[in-house]
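What follows draws every value from the coordinates through simple rules; no lab data is involved. Computed from a prediction, not measured in an experiment: that's the story for all the values here. Methodologically, a virtual Cβ is constructed for each residue, glycine included, from the backbone with ideal geometry; neighbour enumeration extends over all protein chains shown.
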C-alpha cells in the first residue's frame, strides 16, 4: 500500500523510516542464534538465513520437530518467520518465500514441488522477469519444461545455472557466517517501560538470543552489562540518561531462564529515574562452558546448579558481600581465629588447632563489663566464673598483641558466657562470646 | 466391625501413637528428645520454632549435633541474619563441615524473610537457621510451605513472647534455663500433644567439647548428654 493511501486511511499513523542497517544487524543476530542448530549458517541478504541441517536432523528426530523448534524459538525472539526445508539452499529459500510447502526431503521430488511457484519468487532481475512474462511463462514448471540450450541462448547462462542449483543438478556452496565471539544486542521498546516485569519481558527476548548464540559456540557468560536508556525529559540534550547494570554471576551460564531469574532480583533493586525506551545488552567475554546442553542425561549435577542459582539470586538482591562462608584460621587470638570466606571454601587444607572451649557465638566487638563492689564482672546479674582459665598472650609481632585470661561464666539467667580479663592497664573485664 | 478393621481406616486418627512411622526425622543427638518427636528427630521439610527467653540459653547447642550430621552428609547449612558471628572454631569442634556453611546477612527484615524463603525453597539446604525480627502468622505459613517444597529443615529462633502467636510450624519448642538444666518444653508437635519438659543437663558439653570432626560423625543418639 502506498504511503499516501495509508495516511488517508489512518489519520494518526506514526511513520518510521525503514532502517537497512538495523535489519542487517537483526539478520546477523538471527544467524548467530541459529548456530545452536548447525555449525553451518549463512546469510542471504536482505532477509534470509540459510542453515545446513542435513547433519542435525537425526539429532532433532525429524525435520518437522526441527522446523517447529526454529519457528518457536524465533517467535520468542519476536520475529515472524517463514521457514522451509529442502535439499538445496535455493529451493528452501524459494519455498520459504512462497510460505506453502514446508518440507521436501528428496531431491527427485524438487521439480514437482517447485513447479507451481510463481516466477516472481525467484527474485530475478526486472528485465529478465518481464521477458519471461512476455514469453507467456508464469510458473517455475513452465521454465523447467523448456529446452536448456534455447534457454541459455535467450536468457543467459546464469538463469540455467540458477535452475540447476535449485534442483540439485549443480553444487551450490554457501559462505558460512561466523558470528563474532561476543554478544551485542539492542532493543527498541515498542512502548515505554517503567516496571520490572515490562523490562524483563523485553530482556527475556534478548537473553533467549544470547542463549542460542552461546549454545552454538559452546560458551557461557559470567558477566553481562545492560544499559537501560531512558526517555529524554529534556529534548534539547544530546546525551540520554542511561542506567548501567552490571550482572556478575558466580559461575558461567548460558541458560536464559537462569539469567532471567538473577536479573529479576537485580532489577528489583534498581530505581528507574525515567521510563525506559531502549535496552542494550552486551557480553564481551564468552568463555567455553563444558557441558552437554542437549544431553540425554540432563539433570545430572542438577543439585550443584540449583545451588549456584540460589547463591546468585541471594547475591543479586542482597549484594555481593551479604552472602559468605566461614573459615577457621590457625591463630590464637580469638577474634582472628575465624574469617569470612567464599561460600563453599573453608580452607580445609590448612591445619587448624581444635580448641577445648570456644563459644558458638562470638561478639562483633568485646563488650566491656561493669564490676560489682568485690570486683566481680556483671552481665544481667553477677557472673559466676568457672575455676579454669585460659591465658591467651599472642600477637606481639604485629602490634596488635593481646594478653587476656579467658573464663567460662554463668549468669543468673542461665546463660553460659565467654568472658576475659585484660592482663594489662586497668585489668578490665569483657564479654567476648556466648556459648549458645 | 472389629477394632483391627477400624484402625485400618484412613479417617481414623489414633492419638498417642506415632502417626507417620515412615517419615524419619533428623536425629537430635539426644535420645530423650528424639523419643518425644514424631519421626524420632527434627522434622524434615517443615519449620521448627525454638522460643527462647534470651539469646544463648543453649538453643544453638541443641541443634548442633543435627547440623554437624547434615553438613557431613554434604547438605548446606544456611544461617540467615544471625545476631552474632557464628564462631568457626566452635563449629569445627562441634563437628560441622565449614565448607557447607553459608551465612546470609540481609540488610532489612523484609530482605531477611525473602532470603529465608529462597533458601528453604531451593531444595539444596539441609537446614536453614533464621533469626527473624518480624514474622506474622501469614509469613510463617509461607515459610512452612517453602520448607515443604524444598524439603528443608527450617529453624526459626524467636523470642519467648511469640509463644502466644498461632504458628503453622510443625514443631514448637520452648527453652527455659532452670536450676536442673535447660528445660525443653514441646509446645506443639505433629501427631501428639504438647508435652512437659525434659531437662538437658547444665554442663552438657557438646558445643564446647573438643572432639575432632571425624569423631563427631560417629556420634550416636544421646552421646554427651546422659
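Cβ-Cβ distance of residue B:199 and residue B:24, R₀ of 25 Å, FRET efficiency by 1/(1 + (r/R0)^6): the value works out to about 0.50. From the P(r) of the range A:20-166, could you give the percentage of C-alpha pairs in the tail past 27 Å? Counting every Cα pair in the range A:20-166, those more than 27 Å apart make up 28 percent. Legend: mean number of C-beta atoms from other chains within 10 angstrom of residue C-beta atoms, peptide A:409-418, equals 5. Based on Cα atoms of the range A:334-434, Rg over Rh with Rh as the Kirkwood radius reads 1.01. Multiplying the residue separation of residue A:172 and residue A:274 by 0.36 nm and subtracting their alpha-carbon distance yields 31.5 nm.
How far is helix A:157-166 tilted, in degrees, relative to the longest principal axis of the Cα atoms in chain A, given as a value from 0 to 90 rounded to the nearest 10? Approximately 50 degrees, to the nearest ten. Would you mind checking the tilt of helix A:63-76 against the longest principal axis of the Cα atoms of chain A, expressed as 0 to 90 degrees and rounded to 10? Roughly 60 degrees between the two axes. Under a Gaussian network description of chain A, with springs only between Cα atoms under 10 Å, the residue in A:86, A:330, A:202 that fluctuates furthest is A:330. Across the range B:75-197, the fraction of Cα-Cα pairs farther apart than 19 Å, rounded to a whole number, is 53%. Between A:319, A:414, A:212, which gets the highest mean-square fluctuation from a Gaussian network model of chain A, Cα cutoff 10 Å? Per the Cα network of chain A with a 10 Å cutoff, A:414 tops the list.
For the range A:311-336, the residues whose backbone nitrogen is under 17 Å from a point 7 Å from the Cα of residue A:287, taken along Cα to Cβ, are A:312. Among the residues of B:49-55, the average count of other protein chain beta-carbon atoms within 10 Å of the residue beta-carbon is 2.
Helix A:256-267 and the long axis of chain A differ in direction by around 50°, with both axes built from C-alpha atoms. Length gained on full extension, residue A:425 to residue A:146: 89.2 nm, using 0.36 nm per residue less the C-alpha separation.
Counts of other chain beta carbons within 10 angstrom of each beta carbon in peptide A:316-323 average 4. In whole angstrom, the protein assembly as shown maps to an equivalent ellipsoid with semi-axes of 70, 29, 23, each derived as √(5λ) from the alpha carbon gyration tensor and ordered largest first. For the range B:47-114, the relative contact order is 32 percent, taking Cα pairs closer than 8 Å that sit 6 or more residues apart in sequence and dividing their mean separation by the residue count. The GNM of chain A, with springs linking C-alpha atoms under 10 angstrom apart, assigns the highest mean-square fluctuation among A:109, A:124, A:369 to A:369. Which FRET efficiency value, to the nearest 0.05, do you get for residue A:138 and residue A:82 by plugging their Cβ-Cβ distance into 1/(1 + (r/R0)^6) with R0 = 30 Å? Approximately 0.90, to the nearest 0.05. Between residue B:137 and residue A:197, the modelled label-to-label distance comes to 3.0 nm, taking each label 7 Å out from Cα in the direction of the beta carbon.
Judged by the mean number of other Cβ atoms found within 10 Å, the most tightly packed of the peptides B:112-118, A:40-46, A:395-401 leads the ranking B:112-118, A:40-46, A:395-401. Label positions at residue A:128 and residue A:1, each projected 7 Å from the Cα along the C-beta direction, are separated by 3.3 nm.
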